Amino acid sequence: MSAPAMGTSKTAHSDSSNKRKKGPSTLAIAYLVIYNVVMTAGWLVIAVGLVRAYLARGSYHGLYYSIEKPLKFFQTGALLEILHCAMGIVPSSVVLTGFQVMSRVFLTWAVTHSVREVQSEDSVLLFVVAWTVTEIIRYSFYTFSLLNHLPYLIKWARYTFFIVLYPMGVSGELLTIYAALPYVQKTGLYSITLPNKYNFSFDYHTFLILIMISYIPLFPQLYFHMMRQRKKVLGHMEEYSKVE
């Protein structure tokens, strides 16, 4: 879900500070800079692809098909972030990062890719646009932080745009999962029924409903946490501006 993905903002400020204090190796910093530059460029490609497709068609319907391949590639590429945490070159929680990344990879492959009927839904475009803007800002933030030259505009955008993008992404995700439910139930996608030699059953339709329900407690907690982080990171600078 985009909620957790945006939730990485809560560690961004402390992450950059910790990196300066702990001092990861020069090789690790060089690798992370390259990784974040590539990911920023990748999401920019997706953004440009969306705009070009919209201008060519004159409609926002079905724009997913114009960026399907790069979206899958770069969203799946985010799995490396879990490895970065596990290796210790990024001082973030492996569990939290894993949850954030896997939730998006799940929606990309296990829902949107697997249930082709939902790919033309407007809700898909809703979360794709939210993800795209979010990731361009996020990876740019990490890149400049690693280089110790973080422009205030990017810092401000990192801790401000989520106010709109977070609810927008979550709405798109929930509506897409909801749209997939009838097709999943009809086809029995990824479901395992009894009897079988393992004496095990799994209902993917019910699983998706549980995923949707999980948004209820998670969304408010993460959203208001990020609001507190925004106040913590940007608050003192805004107060300073008022004094001036």
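The values are calculated or read from the model by the stated rules, or taken from the named source; none is laboratory data. Not measured: the values here are computed from a predicted model. With ideal geometry, Cβ positions are generated from the backbone for all residues, glycine too; neighbour counts draw on all protein chains shown. Surface accessibility is based on the protein's heavy atoms, side chains included, excluding ligands, DNA and RNA. Shrake-Rupley method; radii C 1.70, N 1.55, O 1.52, S 1.80 Å.
Descriptive notes on the structure:
- Residues in segment 112-124 that are crowded, with 21+ Cβ neighbours inside 10 Å and within 17 Å of residue 46 (Cβ to Cβ): 112, 124.
- Only one entry in 194, 208, 222, 189 is surrounded by 14 or more Cβ atoms within 10 Å (Cβ to Cβ) and farther than 30 Å from residue 138 by Cα, namely 189.
- Residue 68 being open to solvent by 50 Å² or more (accessible area, probe 1.4 Å), part of a helix (DSSP H, G or I) and on the phi < 0 side of the Ramachandran plot: no
- For residue 97, the requirement of being in a helix (DSSP H, G or I) and closer than 23 Å to residue 30 by Cβ is met.
- Enumerated helices (runs of 4 or more DSSP H) restricted to segment 136-244, each holding at least 3 residues that are modelled with pLDDT under 95: 204-243
- Where a residue in segment 114-141 is under 17 Å from residue 168 (Cβ atoms) and acidic (Asp, Glu) and its partner, wherever it lies, is at pLDDT 95 or above and open to solvent by 40 Å² or more (accessible area, probe 1.4 Å), with Cβ under 9 Å and at least six apart: 121/175; 122/175
- Only a single criterion out of (1) more than 26 Å from residue 235 (Cα to Cα); (2) in contact with a Gly (Cβ under 9 Å, 6 or more places away or on another chain); (3) open to solvent by less than 20 Å² (accessible area, probe 1.4 Å) is not satisfied by residue 129, namely (3).
- Selection within segment 143-186 - within 17 Å of residue 234 (Cα to Cα), of a type in the set (Ser, Thr, Tyr) and open to solvent by less than 10 Å² (accessible area, probe 1.4 Å): 159
- The set of residues in segment 111-127 that are closer than 16 Å to residue 63 by Cβ, more than 17 Å from the chain's Cα centre (by Cα) and of a type outside the set (A, V, I, L, M) comprises 116, 119, 120, 121, 122.
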